[in-house]
1. Output the residue which, of all residues in the stretch 352-366 that are modelled with pLDDT under 85 and within 17 Å of residue 401 (Cα to Cα), is surrounded by the fewest Cβ atoms within 10 Å (Cβ to Cβ).
2. Of the conditions (1) at pLDDT below 90; (2) surrounded by 20 or more Cβ atoms within 10 Å (Cβ to Cβ); (3) not β-branched (Val, Ile, Thr), residue 22 fails just one. Which one is it?
3. List the pairs whose first member sits in the stretch 5-20 and is over 18 Å from residue 74 (Cβ atoms), whose second member is at pLDDT below 55 and part of a loop (DSSP other than H, G, I, E, B), and whose Cβ atoms are under 7 Å apart, counting only residues at least 6 apart or on separate chains?
4. If I filter the stretch 323-337 down to residues being assigned to a loop (DSSP other than H, G, I, E, B) and touching a helix residue (DSSP H, G or I) at 6+ places or on another chain (Cβ under 7 Å), which single residue comes out as farthest from residue 277 (Cα to Cα)?
5. Count, please, the residues in the stretch 320-359 that happen to be closer than 17 Å to residue 398 by Cβ and not aliphatic (A, V, I, L, M).
6. Out of 370, 347, report the one residue that is surrounded by fewer than 13 Cβ atoms within 10 Å (Cβ to Cβ) and assigned to a helix (DSSP H, G or I).
7. Spot the failing condition for residue 111; the list is (1) within 21 Å of residue 166 (Cα to Cα); (2) free of Cβ contacts under 8 Å to residues at least 24 places away in the same chain; (3) surrounded by fewer than 19 Cβ atoms within 10 Å (Cβ to Cβ), and only one is missed.
Amino acid sequence: MPDLSRAANPREPLARLEEAVNLSSAIALEVVDSDVVRVRAPKPATLFGSGQVEALKERAASKDVELIVVDGSLSPLQQRNLERETGIKVIDRTGLILEIFGERAATHEGRLQVELAHLEYQASRLVRSWTHLERQRGGFGFLGGPGETQIETDRRLIRDRMARIRRELEQVTRTRTLHRERRQKAPFPIVALVGYTNAGKSTLFNRLTGADVMAEDLLFATLDPTMRAVELPEIDKVIMSDTVGFISDLPTQLVAAFRATLEEVLEADVIVHVRDASHPDSAAQAEDVYAVLTELGIERSGDVPIMEVLNKIDLIDDELALPDDELHVPLSAVTGDGIEVFRERLAAILLAASKIYEISVPVTDGERMAWLEAHGRVLDRTLKGETMLMSVRLGEREYARFNAL
């Protein structure tokens, strides 16, 4: 039963309610009831007024509810008091999203990041056990164990575990940095797909790359980032990265935990923002995405071009006009309509950032000539004695890296 205070969130209440239901369904919770609860003056002790809490208790009891999800932020005190008043386990939006991430993370790094975020979130909450620290399966303990109220926690165990996770993540970050440096030595243009969760990034990624990334009508279907090579018109190889979906009120713990993963976006030559153009809150979702990008240090009008893909046009009334220009492409990742236009415009953006350089390479330096063939577009070559004169289209960054070889 989400708290959809209009003052706290400008979205359409019913759209926000639907998202909360979908979030719950994403981890196989059976939603037996949902409603919009207006909160005019949040109560420090319970968030809701006493009458609302009593009505919530009666309604939950009548439907044999085992878990109440509040689509908002609860303080530890509010969470504990609501559980005492209703006799039912209560979690808030942050707890629910952390639980989803706990089940979705497939890689070692992803699970470390989620567990660290969970521990930071729970550090001030004395209402949960920490038995999940020894658990091997998905999830992080929000939903397990009936009758949990206030359980004594071992703070030293929590601190020690967080310290160990941070040390492991530091090693992962160093490894990721080495991989990034290798890519810079043999660079290809990098395109990062970002967007609100369930906007269709993975479906588009699979269509462009021929990959088989999990793509379902499910919030946070993709959690661990994936990179694949793809060809574009006049560009032999581009590295495309599919990233975790963003969401409104994304827990700050998760933004911090996944910063190392999202740093791949900072390395991108072009950011492709995939939007669900059929969603009633598409504009609000877009603002949430840009807010996360800003938090990462990427401005909408910054140096890195941001291209908007208006996805799911197969679900839109034909009469609805959508922007259609160099930086906006309507398409359907499911049907393929508009894909070729997108490929052409993406290639044009990448090529616009390149220049034609006249480069002289000794004919005995086969390695550097091969590098130019692989990472640039050789337009002309002339043999002059022991030197090969080459006209090559390269990005400025690639040209600098070539000179550093």
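The values are calculated or read from the model by the stated rules, or taken from the named source; none is laboratory data. In this text, all values refer to a predicted model and were calculated from it rather than measured experimentally. Positions of Cβ are generated from backbone atoms using ideal geometry, with glycine treated the same way; all protein chains shown enter the neighbour counts.
1. 355
2. (2)
3. As it stands, the answer is 13/4; 13/6, since those pairs meet every condition given.
4. For the stretch 323-337, the residue satisfying everything is 326.
5. Going through the stretch 320-359 one residue at a time, the tally reaches 4.
6. 370
7. With respect to (1) within 21 Å of residue 166 (Cα to Cα); (2) free of Cβ contacts under 8 Å to residues at least 24 places away in the same chain; (3) surrounded by fewer than 19 Cβ atoms within 10 Å (Cβ to Cβ), residue 111 is out only on (3).
Here is a yes/no grid of residues against (1) at pLDDT below 90; (2) surrounded by 17 or more Cβ atoms within 10 Å (Cβ to Cβ); (3) not small (Gly, Ala, Ser):
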position	(1), (2), (3)
320	yes, no, yes
332	no, yes, no
374	yes, no, no
382	no, no, yes
387	no, no, yes
391	no, no, no
401	yes, yes, yes
404	yes, no, no
